Amino acid sequence: MATYDDVSRCQWLFLVYLIVDVPGALPQRPCRDSNGFIEASSYFLENHPTAYPMQYGDCSFGQSLCNYTQFCTDQDAESWRQNGDHAECPGKTGRYESFSVLVSPLLDISHVTCLTFEYTQEPPGQLSVYLATTTSLFIIMPEEVRQKQGFVNFTTVLSSTTGKLMFRARTPDVNHSVQLRAVKLQQGSCTGSGFVLTTCLFERDYLPSSCGWSMNNWNITAQLSAPESTESISDAASIGYFAYVIHPIRKGTLTTIMAQPTGNQTGCLEFSYILCGPDSRLLVSIETLDGNRRVLWSGPPNTSTDCLKTWKLAQVPVSSTAAFAIHATAVTIRLST
């Protein structure tokens, strides 16, 4: 006959098993493929039909990784680990394009929610944060090549959605690490938080920069010459870089970081563009965190023989009551006719 202590111990072990087993033990897998970091939300969501209360995303990392799991680790990267009062991802071999991703369980964020966390980074070791939903991979916090030796706070507002938080560390070598602690999700808004869409000149410190945006089949340059032609494209003010998609690539998608709701106000998205050739199209759309997506603007084809010489200005009104990202999709520039 089992004693009280035996029964208590069996119950305790059973509860530990349940707690540990909730997020699932995932085998190590790569974070990148031949095209670079895998930016498909389905890769990180897998088949997880059950969403847990958003409190399952809370973790101080003072004693363990809580409900978070090591989802993927590149061969030249190290896995996240608990260390002192934080989680840490140390460097390894020195390969810059090596990543390690720590993910939360699938979270049911049923209300407007304030997400906060603290982190440090030692460049070129860098931290970026994503939210993987059933429709997209939203960039919550882009990489920033700046030294952050002491813990700094990041705060942003999440709209209602279901998804996984992803903390991606880029840690090239043993001298550069990324640290994380005090992840907290709390119902309600938080002021002075997140990002608004500001100017992106595709340049930082005289070098090409994606501004932290996702660029699928887009590239950045300061000059682009047409094959077998003396014509060239340069930036609108001749002072920097621009992003482009060029034939024979038939589709490219540029996605901004997640921006905060505009509320009752209407913002303005302004950009200069070149469309060259009868098959050229530029679609600018907005996707909100709840999965809704709509086209804001469509660029007409340009069949002019001197289409490379003129940058056109577009001004597009933007309004959203939920956090959102902007997509520039399906651009094809034919530089020769």
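The values are calculated or read from the model by the stated rules, or taken from the named source; none is laboratory data. Note that the structure is predicted; figures quoted are calculated from it, not measured. Here the Cβ is made from the backbone with ideal geometry for all residues, glycine too, and neighbour counts use every protein chain on show. Just so you know, the surface numbers come from the protein's heavy atoms only, side chains and all, with ligands and any DNA or RNA stripped out. Shrake-Rupley method; radii C 1.70, N 1.55, O 1.52, S 1.80 Å.
Calculate, for S110 and Q75, the FRET efficiency according to 1/(1 + (r/R0)^6) with r their C-beta to C-beta distance and R0 35 Å; round to the nearest 0.05. Don't skip to the end; give the middle numbers.
On the way: r = 39 Å, r/R0 = 1.10.
Approximately 0.35, to the nearest 0.05.
Percent relative contact order of region 111-221, based on C-alpha pairs within less than 8 angstrom and at least six residues apart? Show your work: numbers first, answer last.
Working: 212 pairs, mean separation 39.5, N = 111.
This gives 36 percent for region 111-221.
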For region 24-95, place one equal point scatterer on every Cα, skip the solvent, and apply the Debye formula. What is log10 of I(q)/I(0) at q = 0.12 Å⁻¹? -0.41
Taking 8 Å as the Cα distance limit and 6 or more residues as the minimum spacing, I'd like the relative contact order of region 41-191 as a percentage. 34 percent
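Heavy atoms only, probe 1.4 Å: what % of the accessible area of region 47-125 goes to carbon and sulfur, would you let me know?
Solvent-exposed carbon and sulfur of region 47-125 make up 45 percent of the total.
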Residues whose modelled amide H sits under 5 Å from the amide H of G163, counting only those 5 or more places away in sequence or on another chain, are L107, I109
Integer Hz, Karplus 6.51/-1.76/1.60 couplings in order for region 66-83, x for Gly and Pro: 6, 8, 7, 10, 6, 7, 8, 9, 5, 4, 9, 10, 9, 7, 5, 8, 7, 8
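With the cut-off at 32 Å, tell me which of the pairs K184/K251; K92/K164; K251/K309 have Cα atoms farther apart than that. If you can, show how the numbers build up before the last one.
Working: K184/K251 38 Å; K92/K164 26 Å; K251/K309 23 Å.
Cα-Cα > 32 Å for K184/K251; rest within.
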For region 60-108, max minus min Cα coordinate along each principal axis, in Å, sorted largest first? 33, 27, 11
Cut-off under 5 Å, modelled amide H: who pairs with F61 long-range: A182
Nonlocal amide H pairs with T155, under 5 Å, H built at 1.01 Å: G194
Averaged per residue, what accessible area in Å² does region 93-150 show with a 1.4 Å probe, protein chains only? 34 Å²
Difference of contour (0.36 nm per residue) and Cα-Cα distance, T199 to R95: 34.4 nm
